[in-house]
Amino acid sequence: MTTWLYMNYRKRFEREALYNDKHEIQWYEVLDGLLGTFWKYLGLIFNTGLQVLQSAITLIGASNLAHILNDRLDKRSWTLVLGACVIPSILIPRAQNYRVLSSVGIVMTTYTAWYMVLASIFQGKDGPVKHSAPHSSLDYFLGASNILYAFGGHGLTIELTHAMKKPQKFKEIYLYAVLYIWTLTLPSAIAVYWTYGEEMLHHSYALTRFHKSKYRDVAIILMIIHQFVQFGFSVLPIYLTWEKFCGIHSLPGRYLLKSAARLPVVILVWLVALMIPFIGVINIVAAAFFTSFTIYIVPCVAFMVYHRSTSARKESKEGPPFWLPSWIWIYAINVGVVVWILVIGVGFGAWAGVRNLRRKFHLFGFFTRCYEC
């Protein structure tokens, strides 16, 4: 739905001779151009919220991984150190500049995923292992929200689509990417769960359970580097939005000015990562309050509102897919997705996430020195 709306906006943008190759089109601008100011701010609030938390989660994740390698520094200290290491992300201007880094990131995640599969098999079970269903409704909805976060995307759809030479190919490429990711996540998740079972409920990172070896350390180092790349991807839309807010985004030849203007964004994310370092817990809160709306609800509802008239459907840049030729079925699927996410993600997911977050605040407080050490 998101890319469908983007293509319609791009068509109008080019038809009215407003297209500028130096201007990065973003989701809130698509909503503003097609549906108006209310939708613009709706997209801006939810998308920015998701990207701030996603960037903070990435930084927290890197500090947790670094702590596995060297626990002489606590996790908060590692967050301070690694927060300084991600500052150079302000120097990367556009999504196009991440092409090589993202390709390297695929190699890194592939190594780590298959290391986990092989290590789980050869290391084997250490005594009796429990495999059971969730013990309570809280555990069930925490798991459901985590799945929403994991498979809900990252709020970068428009920026990635706009970076492509053939943006109409995004959906096809994204499908292949998801299928490949499944070949990494499913085998590794199944293997680790088979080996450790419910023990993994008490560990945010599976790599903490494997015996120390050079292969494990390589996997951890690669994932830390991958987290740096992911941080740059996640924070890029906030950089672009901030540039536009400051009125410098479209200025030609102001590279250093734009880079310097991005510093407050890094500092904000750095502060959030230090303040609430509850990896896993804030993922669920992000899923309930931001992923649910950014990735599912807002695109589906916006799509239905924009295409509600016959003329809009006729002028649409894209039509229904061959396997779903009726607009009625498209609307039915969208309504089903919205209702399901509202109930499971926003409703029960928010209840479970906030309850769990309150418990962590009560136990650890803000700016805790070493969560889950």
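The values are calculated or read from the model by the stated rules, or taken from the named source; none is laboratory data. As the structure is a computational prediction, the values presented were derived from the model and not from experiment. Note that each Cβ is placed from the backbone with ideal geometry, even for glycine, and that neighbours are counted across all protein chains shown. These area figures cover heavy atoms from the full protein model, side chains too; ligands, DNA and RNA do not enter into them. Shrake-Rupley method; radii C 1.70, N 1.55, O 1.52, S 1.80 Å.
Is at least one residue of segment 159-175 within 30 Å of residue 75 (Cβ to Cβ) and either open to solvent by 50 Å² or more (accessible area, probe 1.4 Å) or of a type in the set (Phe, Trp, Tyr) (or both)?
The answer is no; no qualifying residue exists.
Considering only residues that are touching a residue at least 40 places away in the same chain (Cβ under 8 Å) and assigned to a helix (DSSP H, G or I), which ones fall in segment 362-373?
Within segment 362-373, 364 is the sole residue that qualifies.
Among the residues in segment 244-254, are any modelled with pLDDT of 90 or more, open to solvent by 10 Å² or more (accessible area, probe 1.4 Å), of a type in the set (S, T, N, Q) and over 30 Å from residue 364 (Cα atoms)?
So far as segment 244-254 goes, no, none of its residues is modelled with pLDDT of 90 or more, open to solvent by 10 Å² or more (accessible area, probe 1.4 Å), of a type in the set (S, T, N, Q) and over 30 Å from residue 364 (Cα atoms).
Within segment 279-328, track down each residue that is small (Gly, Ala, Ser) and more than 26 Å from the chain's Cα centre (by Cα).
309, 311, 312, 316, 319, 326
Looking at segment 287-334, which of the residues that are among the β-branched types (Val, Ile, Thr) and open to solvent by 70 Å² or more (accessible area, probe 1.4 Å) is nearest to residue 44 (Cα to Cα)?
333
Just to check your reading of the model, which residue among 174, 196 is part of a helix (DSSP H, G or I), on the phi < 0 side of the Ramachandran plot and in contact with a helix residue (DSSP H, G or I) (Cβ under 7 Å, 6 or more places away or on another chain)?
Every option except 196 fails the conditions.
Sort out which residues of segment 53-76 are part of a helix (DSSP H, G or I) and open to solvent by 20 Å² or more (accessible area, probe 1.4 Å), and write them in order of number.
Of everything in segment 53-76, those that are part of a helix (DSSP H, G or I) and open to solvent by 20 Å² or more (accessible area, probe 1.4 Å) turn out to be 53, 54, 67, 68, 69, 75, 76.
Look at segment 191-208 and say how many of its residues are free of Cβ contacts under 8 Å to residues at least 60 places away in the same chain and either in contact with a strand residue (DSSP E or B) (Cβ under 7 Å, 6 or more places away or on another chain) or under 13 Å from residue 114 (Cβ atoms) (or both).
0
Residues that are in contact with a Ser or Thr (Cβ under 9 Å, 6 or more places away or on another chain) and assigned to a helix (DSSP H, G or I): does segment 135-145 have at least one?
Among the residues of segment 135-145, at least one is in contact with a Ser or Thr (Cβ under 9 Å, 6 or more places away or on another chain) and assigned to a helix (DSSP H, G or I), which makes the answer yes.
Does segment 80-102 hold any residues that are of a type in the set (Val, Ile, Thr) and outside any helix (DSSP H, G or I), and which are they?
Once the filter is applied, which keeps residues that are of a type in the set (Val, Ile, Thr) and outside any helix (DSSP H, G or I), segment 80-102 yields 86, 92.
Give segment 224-266 a look and list any residue that's more than 15 Å from residue 89 (Cα to Cα) and in a loop (DSSP other than H, G, I, E, B), or say none.
247, 248, 249, 250, 251, 252, 253, 254, listed by residue number.
Can you spot a residue in segment 142-157 that is under 25 Å from residue 295 (Cβ atoms), open to solvent by less than 80 Å² (accessible area, probe 1.4 Å), at pLDDT 80 or above and not hydroxyl-bearing (Ser, Thr, Tyr)?
No.
Here's a check for you: in segment 5-44, which residue that is among the hydroxyl-bearing types (Ser, Thr, Tyr) and open to solvent by 70 Å² or more (accessible area, probe 1.4 Å) is modelled with the lowest pLDDT?
Among those that are among the hydroxyl-bearing types (Ser, Thr, Tyr) and open to solvent by 70 Å² or more (accessible area, probe 1.4 Å), it is 19.
Would you confirm, using the coordinates I've provided, whether residue 112 is within 30 Å of residue 243 (Cα to Cα) and assigned to a helix (DSSP H, G or I)?
No, not satisfied.
Assess whether residue 70 counts as being more than 28 Å from residue 314 (Cα to Cα), free of Cβ contacts under 8 Å to residues at least 60 places away in the same chain and not β-branched (Val, Ile, Thr).
yes
Could you pull out every one of the helices (runs of 4 or more DSSP H) wholly within segment 295-351 that has 2 or more residues that are in contact (Cβ under 8 Å) with a residue 60 or more places away in the chain and on the phi < 0 side of the Ramachandran plot?
Qualifying helices (runs of 4 or more DSSP H): 298-306.
Every residue, every condition in (1) within 25 Å of residue 63 (Cβ to Cβ); (2) open to solvent by 80 Å² or more (accessible area, probe 1.4 Å); (3) out of contact with any His (no Cβ under 9 Å at 6 or more places or on another chain); (4) not hydrophobic (A, V, I, L, M, F, W, C), yes or no:
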{"residue": "190", "(1), (2), (3), (4)": "no, yes, yes, no"}
{"residue": "203", "(1), (2), (3), (4)": "yes, no, yes, yes"}
{"residue": "212", "(1), (2), (3), (4)": "yes, yes, yes, yes"}
{"residue": "222", "(1), (2), (3), (4)": "yes, no, yes, no"}
